[in-house]
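For reference, the structure is listed below as structure tokens.
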Amino acid sequence: MAPTGDDHYHPKDAIHAGLYHGMVFGGGGLLFAAVKNSLAKTNVGPWTTFTRNGGIIATFAAVGGAFEFTRLASANLREKEDYVNDGIGGFVAGAVLGLKTGRIPRIIGYGAATAVVLAAYEFTGGTLKGFLNRPEVDEYERKEMLRMRRRRPIEETIAEIGEGRGIRPPGYEERRRERLKEKYGIIVDPVSADPDAA
């Protein structure tokens, strides 16, 4: 998370946040179970969402609640908010997800994989835009800096793509007249549309 200017850590209620996120993720699991129930090939009633697919709902709720509770509990114990808390919470959430398999290597593997992904996500700024998108840097100034860094001189661009087709650098008309005279023998006299021109 971004520093707030106040370096003192303020503890958060991990139990409340864990229960809240458990309910939110449980709602997502309920939606997922209902969709799975609606796609069943046999004719089933609405209660099979809970009886047949209730494990999905419980897994979603347990993973979401475990992650948020562990993340905030870790932050409260360490008195610091950083990517390590997300890694610890991710390990517990992945382990809860792996409990369904009943095999220790899978539990540890799921936990480790989830921990790495969530810690890396938080380390890179908690956004898919990446680490370079820091909140303390003004977005307009950052984009201007990138434009200046990548801006190329017009001479280099013209040397690569050539003149013509709307690209008319200084002296283009004279060079064009010379090329037409050399290639086709046509003399082009510039004519001004201004009636006052001499």
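Side notes on the structure shown:
- When the chain is treated as a GNM with alpha-carbon contacts under 10 Å, the residue of Arg147, Arg71, Arg168 showing the greatest mean-square fluctuation is Arg168.
- Estimated [θ] at 222 nm from DSSP helical runs (n ≥ 4, -39500 (n - 2.57)) normalised by residues in the chain, nearest 500: -20500 deg cm²/dmol
- Bridging of Lys100 to lysines at a Cα separation below 21 Å is possible for Lys36, once same-chain residues fewer than 8 apart are set aside.
- Extension gain from His10 to Lys41, taking 0.36 nm per residue of separation minus the Cα-Cα distance: 6.0 nm
- Segment Thr48-Ala159, extension gain: residue separation times 0.36 nm, minus the distance between their alpha carbons: 33.0 nm
- Between Thr101 and Glu139, residue separation times 0.36 nm minus the direct Cα-Cα distance comes to 9.1 nm.
- When the alpha carbon gyration tensor of the chain is reduced to an equivalent ellipsoid, the three semi-axes, largest first, read 64, 27, 16 Å.
- For segment 14-128, the Rg and Dmax computed from alpha carbons only, in angstrom: 15.9, 53
Every number here is computed from the coordinates shown, using simple stated rules; none is lab data. As the structure is a prediction and not an experimental result, all values here were calculated from the model.
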